[in-house]
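Asks: I have a structure here, written as C-alpha coordinates, and I will follow up with some questions on it.
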Amino acid sequence: MHPFLVPAFRHAALAILLLLSGTSARAVAGVLDPVLGTLVTPEHAGLGAVVRMERSPYRDVGSRYDVMPLYLYESEHVYMHAYRAGLKLPPLGDLRADLFVAARLEGFPVDRIPASLQGMDPREPGADLGLGLQYPLLDGTLVAELRRDAGNASDGTELRTGYWEKLVSERWTLMPYVNLALRDGALNDYYFGVRPHEVRPDRPAYRAGRGLNVTLGLHAHYQFSEHWRAIGGIGVTRLSSAIRESPIAGNDSLLFAHVGVAYDFEPSRQSWQDRKPLIVKVLYGRSTECNLLPVMALQCLSIGTPDRTSITGIVFGRTFVERLNGWPLDFVGYAGVIHHNERGLQPDGWQFDVYMKAYFHGFPWSDRVRTRLGFGAGVSWATRVPYVEARDQGARDRTTSKLLNYLDPSIDVSVGDVIGSRRWADTFFGLGVSHRSGVFGASQLLGNVEGGSNYIYTYLETMF
(Lines give C-alpha, C1' and ligand atoms only; values in the text may rest on other atoms or scores of the structure.)
Protein backbone atom coordinates (compact mmCIF):
# COMPACT_ATOMS: atom_id res chain seq x y z
CA MET A 1 0.00 0.00 0.00
CA HIS A 2 1.22 3.49 -0.81
CA PRO A 3 2.68 5.18 2.30
CA PHE A 4 0.31 8.11 1.71
CA LEU A 5 -2.64 5.82 2.51
CA VAL A 6 -1.31 3.78 5.43
CA PRO A 7 -2.08 6.32 8.21
CA ALA A 8 -5.49 6.98 6.69
CA PHE A 9 -6.53 3.35 6.96
CA ARG A 10 -5.16 3.22 10.48
CA HIS A 11 -7.61 5.90 11.55
CA ALA A 12 -10.46 5.04 9.18
CA ALA A 13 -12.66 2.93 11.44
CA LEU A 14 -12.66 5.46 14.27
CA ALA A 15 -12.97 8.42 11.92
CA ILE A 16 -16.00 7.07 10.10
CA LEU A 17 -17.87 6.68 13.37
CA LEU A 18 -16.80 10.04 14.74
CA LEU A 19 -17.70 11.84 11.54
CA LEU A 20 -21.10 10.27 11.46
CA SER A 21 -21.68 11.47 14.97
CA GLY A 22 -21.91 14.56 16.96
CA THR A 23 -22.00 14.37 20.67
CA SER A 24 -24.30 14.44 23.60
CA ALA A 25 -25.07 17.40 25.75
CA ARG A 26 -23.54 17.76 29.22
CA ALA A 27 -25.18 15.78 32.03
CA VAL A 28 -28.37 14.94 30.13
CA ALA A 29 -26.33 13.50 27.31
CA GLY A 30 -28.72 11.22 25.46
CA VAL A 31 -32.12 12.85 25.91
CA LEU A 32 -32.40 13.87 22.25
CA ASP A 33 -31.89 10.30 20.99
CA PRO A 34 -35.57 9.36 20.49
CA VAL A 35 -36.66 12.45 18.56
CA LEU A 36 -33.58 12.64 16.32
CA GLY A 37 -34.13 9.08 15.22
CA THR A 38 -37.52 10.09 13.76
CA LEU A 39 -36.40 13.15 11.81
CA VAL A 40 -35.13 11.23 8.77
CA THR A 41 -36.35 7.98 7.24
CA PRO A 42 -34.10 5.24 5.79
CA GLU A 43 -31.81 6.34 2.94
CA HIS A 44 -32.45 9.99 3.81
CA ALA A 45 -30.17 12.71 5.13
CA GLY A 46 -30.90 15.89 7.04
CA LEU A 47 -29.36 19.10 8.32
CA GLY A 48 -30.50 21.46 11.02
CA ALA A 49 -29.65 23.21 14.25
CA VAL A 50 -30.88 23.22 17.83
CA VAL A 51 -30.44 25.88 20.50
CA ARG A 52 -30.31 24.34 23.97
CA MET A 53 -30.64 25.79 27.43
CA GLU A 54 -29.53 23.84 30.48
CA ARG A 55 -28.86 24.57 34.11
CA SER A 56 -25.27 23.60 34.84
CA PRO A 57 -24.58 21.03 37.57
CA TYR A 58 -21.62 23.12 38.81
CA ARG A 59 -21.83 25.73 41.51
CA ASP A 60 -22.02 29.39 40.45
CA VAL A 61 -22.31 28.60 36.74
CA GLY A 62 -26.06 29.05 36.29
CA SER A 63 -27.85 28.32 33.04
CA ARG A 64 -25.95 27.99 29.80
CA TYR A 65 -26.99 28.23 26.18
CA ASP A 66 -25.52 26.10 23.44
CA VAL A 67 -25.91 25.65 19.68
CA MET A 68 -25.97 22.08 18.38
CA PRO A 69 -25.65 21.57 14.62
CA LEU A 70 -27.68 18.57 13.47
CA TYR A 71 -26.08 16.17 10.99
CA LEU A 72 -28.58 13.41 10.30
CA TYR A 73 -28.34 10.30 8.15
CA GLU A 74 -30.21 7.01 8.18
CA SER A 75 -29.52 3.91 6.11
CA GLU A 76 -30.13 0.20 6.44
CA HIS A 77 -26.85 -0.45 8.24
CA VAL A 78 -25.54 2.84 9.73
CA TYR A 79 -27.01 6.03 11.14
CA MET A 80 -26.02 9.48 12.30
CA HIS A 81 -28.16 11.31 14.84
CA ALA A 82 -26.24 14.54 15.43
CA TYR A 83 -24.35 13.54 18.56
CA ARG A 84 -24.26 9.81 18.01
CA ALA A 85 -23.40 7.38 15.23
CA GLY A 86 -23.89 3.68 15.07
CA LEU A 87 -23.67 0.43 13.19
CA LYS A 88 -26.97 -1.46 13.14
CA LEU A 89 -26.72 -5.13 14.05
CA PRO A 90 -28.99 -7.79 12.49
CA PRO A 91 -32.34 -7.76 14.35
CA LEU A 92 -33.46 -10.61 16.57
CA GLY A 93 -37.22 -10.58 16.11
CA ASP A 94 -38.44 -7.26 17.50
CA LEU A 95 -35.15 -6.59 19.28
CA ARG A 96 -32.97 -3.94 17.62
CA ALA A 97 -29.33 -3.47 18.56
CA ASP A 98 -26.53 -1.16 17.51
CA LEU A 99 -22.88 -0.48 18.29
CA PHE A 100 -22.23 3.24 18.58
CA VAL A 101 -19.78 5.97 19.45
CA ALA A 102 -20.71 9.28 21.04
CA ALA A 103 -18.74 12.08 22.61
CA ARG A 104 -19.64 12.93 26.18
CA LEU A 105 -19.69 16.70 26.52
CA GLU A 106 -19.74 16.90 30.26
CA GLY A 107 -16.99 18.85 31.93
CA PHE A 108 -15.99 22.24 33.24
CA PRO A 109 -16.99 25.34 31.27
CA VAL A 110 -14.16 26.64 29.09
CA ASP A 111 -15.34 30.18 28.43
CA ARG A 112 -16.26 31.36 31.93
CA ILE A 113 -14.71 29.47 34.85
CA PRO A 114 -16.48 30.26 38.16
CA ALA A 115 -14.67 30.81 41.45
CA SER A 116 -15.84 27.40 42.67
CA LEU A 117 -13.73 25.69 39.98
CA GLN A 118 -10.70 27.98 40.01
CA GLY A 119 -7.44 26.11 40.57
CA MET A 120 -8.85 22.71 39.60
CA ASP A 121 -7.56 20.55 36.78
CA PRO A 122 -9.85 20.78 33.74
CA ARG A 123 -12.42 18.03 33.38
CA GLU A 124 -12.47 17.29 29.68
CA PRO A 125 -15.21 15.82 27.48
CA GLY A 126 -14.87 12.13 26.72
CA ALA A 127 -15.82 9.69 23.99
CA ASP A 128 -18.07 6.72 24.72
CA LEU A 129 -18.28 3.39 22.94
CA GLY A 130 -21.46 1.49 23.58
CA LEU A 131 -24.08 -1.11 22.85
CA GLY A 132 -27.69 0.03 22.46
CA LEU A 133 -30.88 -2.06 22.53
CA GLN A 134 -34.48 -1.19 21.60
CA TYR A 135 -37.56 -3.33 22.12
CA PRO A 136 -41.22 -2.40 21.47
CA LEU A 137 -43.31 -2.64 24.64
CA LEU A 138 -46.99 -1.78 24.95
CA ASP A 139 -47.42 1.49 23.02
CA GLY A 140 -43.82 2.60 23.32
CA THR A 141 -40.20 1.51 23.17
CA LEU A 142 -37.96 0.16 25.91
CA VAL A 143 -34.32 1.17 25.48
CA ALA A 144 -31.06 0.21 27.18
CA GLU A 145 -27.47 1.28 26.63
CA LEU A 146 -24.14 0.26 28.09
CA ARG A 147 -21.48 2.97 27.61
CA ARG A 148 -17.78 2.90 28.38
CA ASP A 149 -15.41 5.85 28.17
CA ALA A 150 -12.89 5.32 25.37
CA GLY A 151 -11.48 8.84 25.23
CA ASN A 152 -9.00 8.52 28.12
CA ALA A 153 -11.00 11.00 30.19
CA SER A 154 -12.91 9.33 33.04
CA ASP A 155 -12.46 5.61 32.24
CA GLY A 156 -16.01 5.40 33.57
CA THR A 157 -19.02 3.24 32.70
CA GLU A 158 -22.71 4.10 32.48
CA LEU A 159 -25.81 1.93 32.12
CA ARG A 160 -28.91 3.67 30.81
CA THR A 161 -32.44 2.32 30.63
CA GLY A 162 -35.51 4.17 29.52
CA TYR A 163 -38.94 4.11 28.00
CA TRP A 164 -40.57 6.48 25.52
CA GLU A 165 -43.81 6.67 23.60
CA LYS A 166 -44.48 8.36 20.27
CA LEU A 167 -47.85 10.08 19.92
CA VAL A 168 -48.50 11.10 16.31
CA SER A 169 -51.15 13.39 14.84
CA GLU A 170 -51.36 14.88 11.35
CA ARG A 171 -48.43 17.26 11.86
CA TRP A 172 -47.38 16.83 15.50
CA THR A 173 -45.25 14.12 17.07
CA LEU A 174 -45.03 14.09 20.89
CA MET A 175 -42.58 11.84 22.71
CA PRO A 176 -42.76 11.66 26.53
CA TYR A 177 -39.97 9.62 28.09
CA VAL A 178 -38.22 8.55 31.28
CA ASN A 179 -34.52 7.71 31.49
CA LEU A 180 -32.46 6.13 34.31
CA ALA A 181 -28.68 6.49 34.18
CA LEU A 182 -26.56 4.39 36.55
CA ARG A 183 -23.06 5.91 36.58
CA ASP A 184 -20.10 4.21 38.22
CA GLY A 185 -17.69 5.87 40.64
CA ALA A 186 -14.98 6.50 38.05
CA LEU A 187 -17.37 8.52 35.88
CA ASN A 188 -18.88 10.55 38.71
CA ASP A 189 -15.55 11.13 40.43
CA TYR A 190 -13.89 12.45 37.29
CA TYR A 191 -16.53 15.15 36.77
CA PHE A 192 -17.50 15.88 40.39
CA GLY A 193 -14.63 14.73 42.60
CA VAL A 194 -12.10 17.04 44.26
CA ARG A 195 -8.51 15.76 44.26
CA PRO A 196 -6.14 16.34 47.19
CA HIS A 197 -4.11 19.02 45.37
CA GLU A 198 -7.33 20.88 44.51
CA VAL A 199 -8.43 21.32 48.13
CA ARG A 200 -9.18 24.82 49.48
CA PRO A 201 -10.81 25.95 52.74
CA ASP A 202 -14.17 26.17 50.94
CA ARG A 203 -13.54 23.09 48.79
CA PRO A 204 -12.73 19.92 50.74
CA ALA A 205 -11.47 16.75 49.10
CA TYR A 206 -14.28 14.62 47.73
CA ARG A 207 -14.46 11.25 46.05
CA ALA A 208 -17.74 10.63 44.26
CA GLY A 209 -19.15 7.14 44.15
CA ARG A 210 -21.67 5.54 41.86
CA GLY A 211 -25.19 6.92 41.60
CA LEU A 212 -28.44 6.97 39.67
CA ASN A 213 -29.66 9.99 37.69
CA VAL A 214 -33.35 10.13 36.72
CA THR A 215 -34.64 12.15 33.76
CA LEU A 216 -38.24 12.98 32.79
CA GLY A 217 -38.95 14.86 29.61
CA LEU A 218 -41.05 15.59 26.58
CA HIS A 219 -39.83 15.90 22.98
CA ALA A 220 -41.87 17.21 20.10
CA HIS A 221 -41.57 18.02 16.45
CA TYR A 222 -43.95 19.75 14.09
CA GLN A 223 -43.89 19.14 10.33
CA PHE A 224 -44.79 22.44 8.72
CA SER A 225 -43.85 21.40 5.16
CA GLU A 226 -42.85 18.27 3.27
CA HIS A 227 -39.20 18.61 4.27
CA TRP A 228 -39.04 21.12 7.17
CA ARG A 229 -39.68 20.24 10.80
CA ALA A 230 -39.56 22.30 13.96
CA ILE A 231 -38.06 20.57 17.02
CA GLY A 232 -38.59 21.29 20.69
CA GLY A 233 -38.44 19.75 24.12
CA ILE A 234 -38.27 20.28 27.85
CA GLY A 235 -37.27 18.11 30.81
CA VAL A 236 -35.56 17.75 34.16
CA THR A 237 -32.81 15.47 35.51
CA ARG A 238 -32.61 14.61 39.20
CA LEU A 239 -28.95 14.08 40.08
CA SER A 240 -27.79 11.25 42.32
CA SER A 241 -26.66 11.93 45.89
CA ALA A 242 -23.09 11.10 44.82
CA ILE A 243 -23.18 14.20 42.62
CA ARG A 244 -25.35 16.43 44.80
CA GLU A 245 -23.01 16.06 47.78
CA SER A 246 -19.95 17.21 45.82
CA PRO A 247 -18.60 20.59 47.01
CA ILE A 248 -18.44 21.78 43.38
CA ALA A 249 -22.05 20.81 42.56
CA GLY A 250 -24.58 23.60 42.72
CA ASN A 251 -27.95 22.10 41.81
CA ASP A 252 -29.91 19.03 42.81
CA SER A 253 -31.89 18.99 39.56
CA LEU A 254 -31.08 20.19 36.06
CA LEU A 255 -33.75 21.82 33.94
CA PHE A 256 -33.19 21.79 30.20
CA ALA A 257 -34.98 22.80 27.01
CA HIS A 258 -34.25 22.93 23.31
CA VAL A 259 -35.76 24.36 20.13
CA GLY A 260 -34.62 24.11 16.52
CA VAL A 261 -35.34 23.16 12.92
CA ALA A 262 -34.32 20.30 10.61
CA TYR A 263 -34.54 19.73 6.86
CA ASP A 264 -34.96 16.25 5.40
CA PHE A 265 -33.32 15.64 2.02
CA GLU A 266 -35.37 13.08 0.14
CA PRO A 267 -33.07 11.40 -2.39
CA SER A 268 -33.88 11.06 -6.06
CA ARG A 269 -35.38 7.58 -6.11
CA GLN A 270 -33.95 6.38 -9.41
CA SER A 271 -30.37 7.58 -8.87
CA TRP A 272 -30.33 6.41 -5.26
CA GLN A 273 -31.78 2.98 -5.93
CA ASP A 274 -29.45 2.41 -8.88
CA ARG A 275 -26.52 3.49 -6.68
CA LYS A 276 -25.16 5.43 -9.67
CA PRO A 277 -23.32 7.53 -10.45
CA LEU A 278 -20.49 7.50 -7.96
CA ILE A 279 -18.89 10.95 -7.74
CA VAL A 280 -15.13 11.11 -7.19
CA LYS A 281 -13.28 14.35 -6.48
CA VAL A 282 -9.53 14.88 -6.03
CA LEU A 283 -8.18 18.14 -4.66
CA TYR A 284 -5.04 20.03 -3.70
CA GLY A 285 -4.93 23.25 -1.71
CA ARG A 286 -2.85 25.65 0.33
CA SER A 287 -3.55 27.45 3.60
CA THR A 288 -4.65 31.08 3.41
CA GLU A 289 -4.92 33.88 5.92
CA CYS A 290 -7.99 35.19 4.10
CA ASN A 291 -11.32 34.81 5.86
CA LEU A 292 -14.07 32.74 4.28
CA LEU A 293 -16.37 35.53 3.05
CA PRO A 294 -13.65 37.52 1.21
CA VAL A 295 -12.54 34.30 -0.50
CA MET A 296 -16.12 33.50 -1.54
CA ALA A 297 -16.44 37.03 -2.97
CA LEU A 298 -13.11 36.52 -4.82
CA GLN A 299 -11.70 39.54 -2.96
CA CYS A 300 -8.88 37.62 -1.30
CA LEU A 301 -7.21 34.55 -2.82
CA SER A 302 -3.72 34.81 -1.35
CA ILE A 303 -1.97 31.56 -0.43
CA GLY A 304 1.37 33.22 0.33
CA THR A 305 1.38 32.32 4.01
CA PRO A 306 4.64 31.92 5.95
CA ASP A 307 3.82 28.32 6.91
CA ARG A 308 2.89 27.21 3.33
CA THR A 309 1.03 24.17 4.66
CA SER A 310 -1.08 22.26 2.17
CA ILE A 311 -3.82 19.65 1.82
CA THR A 312 -4.37 16.78 -0.61
CA GLY A 313 -7.56 14.77 -0.63
CA ILE A 314 -10.06 12.48 -2.24
CA VAL A 315 -13.83 12.81 -1.79
CA PHE A 316 -16.65 10.44 -2.73
CA GLY A 317 -20.23 11.51 -3.25
CA ARG A 318 -23.69 10.55 -4.43
CA THR A 319 -26.57 12.73 -5.60
CA PHE A 320 -29.50 12.93 -3.19
CA VAL A 321 -31.77 15.40 -5.00
CA GLU A 322 -31.78 16.49 -8.64
CA ARG A 323 -33.51 19.73 -9.70
CA LEU A 324 -35.31 20.38 -6.41
CA ASN A 325 -38.91 21.43 -7.18
CA GLY A 326 -37.89 21.84 -10.81
CA TRP A 327 -35.28 24.48 -9.95
CA PRO A 328 -31.68 24.25 -11.21
CA LEU A 329 -30.62 23.10 -7.74
CA ASP A 330 -29.07 19.72 -6.84
CA PHE A 331 -28.02 18.27 -3.48
CA VAL A 332 -25.08 15.88 -3.19
CA GLY A 333 -23.82 14.01 -0.13
CA TYR A 334 -20.02 13.74 0.26
CA ALA A 335 -17.54 11.89 2.46
CA GLY A 336 -13.83 12.54 2.07
CA VAL A 337 -10.36 12.15 3.52
CA ILE A 338 -7.73 14.91 3.45
CA HIS A 339 -4.03 14.70 4.24
CA HIS A 340 -2.40 17.73 5.90
CA ASN A 341 1.20 18.41 4.88
CA GLU A 342 2.49 20.47 7.83
CA ARG A 343 5.98 20.91 6.36
CA GLY A 344 7.75 19.88 9.58
CA LEU A 345 5.99 22.46 11.74
CA GLN A 346 4.22 19.57 13.46
CA PRO A 347 3.53 15.95 12.47
CA ASP A 348 1.25 15.57 9.47
CA GLY A 349 -2.37 14.68 10.12
CA TRP A 350 -5.57 13.47 8.51
CA GLN A 351 -8.96 15.11 8.21
CA PHE A 352 -12.26 13.31 7.57
CA ASP A 353 -15.27 15.24 6.30
CA VAL A 354 -18.95 14.39 5.84
CA TYR A 355 -21.21 17.04 4.36
CA MET A 356 -24.24 17.83 2.21
CA LYS A 357 -23.69 20.22 -0.69
CA ALA A 358 -26.12 22.31 -2.75
CA TYR A 359 -25.27 23.12 -6.38
CA PHE A 360 -26.94 25.93 -8.33
CA HIS A 361 -26.52 25.59 -12.09
CA GLY A 362 -29.09 28.00 -13.55
CA PHE A 363 -26.75 30.57 -15.09
CA PRO A 364 -27.76 32.12 -18.46
CA TRP A 365 -24.72 30.57 -20.18
CA SER A 366 -25.08 27.09 -18.63
CA ASP A 367 -26.57 25.68 -21.86
CA ARG A 368 -23.17 26.33 -23.47
CA VAL A 369 -20.77 25.88 -20.54
CA ARG A 370 -22.28 24.26 -17.46
CA THR A 371 -21.24 26.25 -14.41
CA ARG A 372 -22.04 25.27 -10.85
CA LEU A 373 -21.97 27.37 -7.70
CA GLY A 374 -21.81 25.07 -4.69
CA PHE A 375 -22.05 25.38 -0.94
CA GLY A 376 -21.52 22.45 1.43
CA ALA A 377 -22.13 22.14 5.16
CA GLY A 378 -21.30 19.29 7.52
CA VAL A 379 -18.79 18.08 10.06
CA SER A 380 -15.01 17.61 10.03
CA TRP A 381 -12.82 15.52 12.34
CA ALA A 382 -9.02 15.75 12.36
CA THR A 383 -6.66 13.18 13.83
CA ARG A 384 -4.50 16.14 14.84
CA VAL A 385 -5.59 19.78 15.07
CA PRO A 386 -4.13 21.39 11.91
CA TYR A 387 -1.09 23.58 12.49
CA VAL A 388 -2.76 26.79 11.31
CA GLU A 389 -5.62 26.29 13.77
CA ALA A 390 -3.32 25.48 16.69
CA ARG A 391 -1.12 28.49 15.85
CA ASP A 392 -3.93 31.03 15.53
CA GLN A 393 -5.95 29.76 18.50
CA GLY A 394 -2.83 29.63 20.67
CA ALA A 395 -1.96 33.24 19.81
CA ARG A 396 -5.44 34.29 20.99
CA ASP A 397 -5.42 31.96 24.01
CA ARG A 398 -8.45 30.10 22.68
CA THR A 399 -9.35 26.42 22.68
CA THR A 400 -8.98 24.01 19.78
CA SER A 401 -11.05 20.99 18.81
CA LYS A 402 -10.54 18.02 16.53
CA LEU A 403 -14.26 18.01 15.74
CA LEU A 404 -15.49 21.18 14.00
CA ASN A 405 -18.14 22.43 11.65
CA TYR A 406 -17.22 22.13 7.96
CA LEU A 407 -18.13 24.50 5.11
CA ASP A 408 -17.20 23.93 1.49
CA PRO A 409 -18.07 26.71 -1.01
CA SER A 410 -16.95 26.19 -4.61
CA ILE A 411 -17.38 27.19 -8.24
CA ASP A 412 -16.64 24.93 -11.21
CA VAL A 413 -17.22 24.41 -14.94
CA SER A 414 -17.69 21.35 -17.14
CA VAL A 415 -14.39 20.32 -18.69
CA GLY A 416 -16.24 18.69 -21.58
CA ASP A 417 -18.12 21.90 -22.40
CA VAL A 418 -14.92 23.92 -22.33
CA ILE A 419 -12.97 21.60 -24.66
CA GLY A 420 -15.96 20.52 -26.73
CA SER A 421 -15.94 16.82 -25.74
CA ARG A 422 -19.08 14.96 -24.63
CA ARG A 423 -16.88 12.30 -23.07
CA TRP A 424 -15.80 14.80 -20.42
CA ALA A 425 -19.20 16.47 -20.02
CA ASP A 426 -19.66 15.22 -16.43
CA THR A 427 -16.13 16.14 -15.36
CA PHE A 428 -15.77 19.47 -13.58
CA PHE A 429 -12.76 21.62 -12.78
CA GLY A 430 -13.12 24.18 -10.04
CA LEU A 431 -11.96 26.28 -7.13
CA GLY A 432 -13.11 25.72 -3.57
CA VAL A 433 -12.46 26.46 0.10
CA SER A 434 -12.02 23.86 2.83
CA HIS A 435 -13.23 25.67 5.96
CA ARG A 436 -13.16 24.27 9.51
CA SER A 437 -14.52 26.31 12.40
CA GLY A 438 -16.75 26.35 15.45
CA VAL A 439 -20.08 28.14 15.62
CA PHE A 440 -18.56 31.39 16.94
CA GLY A 441 -17.63 29.63 20.16
CA ALA A 442 -21.30 28.94 20.96
CA SER A 443 -21.30 25.16 20.48
CA GLN A 444 -19.98 22.75 23.05
CA LEU A 445 -20.46 20.09 20.39
CA LEU A 446 -17.58 21.79 18.55
CA GLY A 447 -15.43 22.53 21.59
CA ASN A 448 -16.65 26.14 22.03
CA VAL A 449 -14.07 27.08 19.40
CA GLU A 450 -13.96 30.58 17.95
CA GLY A 451 -11.96 30.50 14.74
CA GLY A 452 -10.60 27.74 12.54
CA SER A 453 -8.80 27.36 9.23
CA ASN A 454 -9.23 28.01 5.50
CA TYR A 455 -7.54 26.23 2.61
CA ILE A 456 -8.06 27.39 -0.96
CA TYR A 457 -8.00 24.38 -3.25
CA THR A 458 -8.43 23.38 -6.88
CA TYR A 459 -10.13 20.14 -7.81
CA LEU A 460 -11.21 17.78 -10.54
CA GLU A 461 -14.52 15.95 -10.08
CA THR A 462 -16.02 13.24 -12.26
CA MET A 463 -18.68 10.53 -12.23
CA PHE A 464 -18.46 6.76 -12.66
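Asks: Got the relative contact order for the chain handy, in percent, Cα pairs under 8 Å and 6 or more residues apart?
Replies: Details: 1210 pairs, mean separation 56.0, N = 464.
Relative contact order of the chain: 12 percent.
Asks: For the chain, with all protein chains present and a 1.4 Å probe, just round the carbon and sulfur fraction of the accessible area to a whole percent.
Replies: 60 percent
Asks: So with the 1.4 Å probe, I'd like the accessible area per residue for the chain, rounded to whole Å². Write down the numbers at each step before the final one.
Replies: Working: 21340 Å² over 464 residues.
Accessible area per residue, the chain: 46 Å².
Asks: On to the next question. To make sure I understand the rule: partners must be lysines, Cα under 22 Å from the Cα of Lys281, and not fewer than 8 residues away in the same chain. Which ones qualify?
Replies: Qualifying lysines at Cα under 22 Å: Lys357.
Asks: Given H placed 1.01 Å from N in the peptide plane, which residues other than close sequence neighbours of Ala249 have an amide H under 5 Å from its amide H?
Replies: Residues meeting the criterion, in which the H sits 1.01 Å from N, are Arg59.
Asks: While we're looking at this one, here's another question. Are there DSSP H segments in the chain that both extend 18 Å or more along their axis (alpha-carbon positions) and score a mean Kyte-Doolittle hydropathy of at least 0.0? List them, or say none.
Replies: Values: long enough: 6-19 (19 Å, 1.76).
Membrane-span-like by this criterion, though nothing is claimed about a membrane: 6-19.
Asks: Among all stretches of the chain without exposed GluC sites (Glu not before Pro) (DSSP loop, at most 10 other Cβ atoms within 10 Å), which one is longest? Intermediate values should be presented prior to the final figure.
Replies: Details: sites that count: Glu76, Glu170, Glu226.
It works out to 227-464.
Asks: Using Cα positions and a limit of under 18 Å, work out the aspartates and glutamates in reach of Lys402, with same-chain residues fewer than 8 apart set aside.
Replies: Candidates past the 8-residue exclusion: Glu106, Asp111, Glu124, Asp128, Asp149, Glu342, Asp348, Asp353, Glu389, Asp392, Glu450.
Asks: Among (1) 23, 54, 22, 1; (2) 24, 58, 18, 0; (3) 19, 43, 28, 10, 1, 0, find the value of P(r) over Cα pairs in 20 Å bins from 0, in percent that was calculated from the structure presented, and write down its label.
Replies: (1)
Asks: Please enumerate, by chain and number, the aspartates and glutamates with C-alpha under 18 Å from the C-alpha of Lys166, excluding those fewer than 8 residues away in the same chain.
Replies: Qualifying aspartates and glutamates at Cα under 18 Å: Asp33, Asp94, Asp139.
Asks: List residues of the range 184-201, by number, whose backbone nitrogen lies under 19 Å from a label position 7 Å along Cα→C-beta of Ala115.
Replies: In the range 184-201, the label zone of Ala115 (backbone N under 19 Å from the point 7 Å along Cα→Cβ) covers 198-201.
Asks: Additional query: How high is the relative contact order of the range 140-276, in percent, with contacts defined as C-alpha pairs under 8 Å that are six or more residues apart? Don't skip to the answer; put the middle values down first.
Replies: Details: 287 pairs, mean separation 24.5, N = 137.
Normalised by residue count, the contact order of the range 140-276 is 18 percent.
The values are calculated or read from the model by the stated rules, or taken from the named source; none is laboratory data. Quick caveat: nothing in here was measured; it's all calculated off a predicted structure. Positions of Cβ are backbone-derived with ideal geometry, glycine not excepted, and every protein chain shown enters the neighbour counts. Just so you know, the surface numbers come from the protein's heavy atoms only, side chains and all, with ligands and any DNA or RNA stripped out. Shrake-Rupley method; radii C 1.70, N 1.55, O 1.52, S 1.80 Å.
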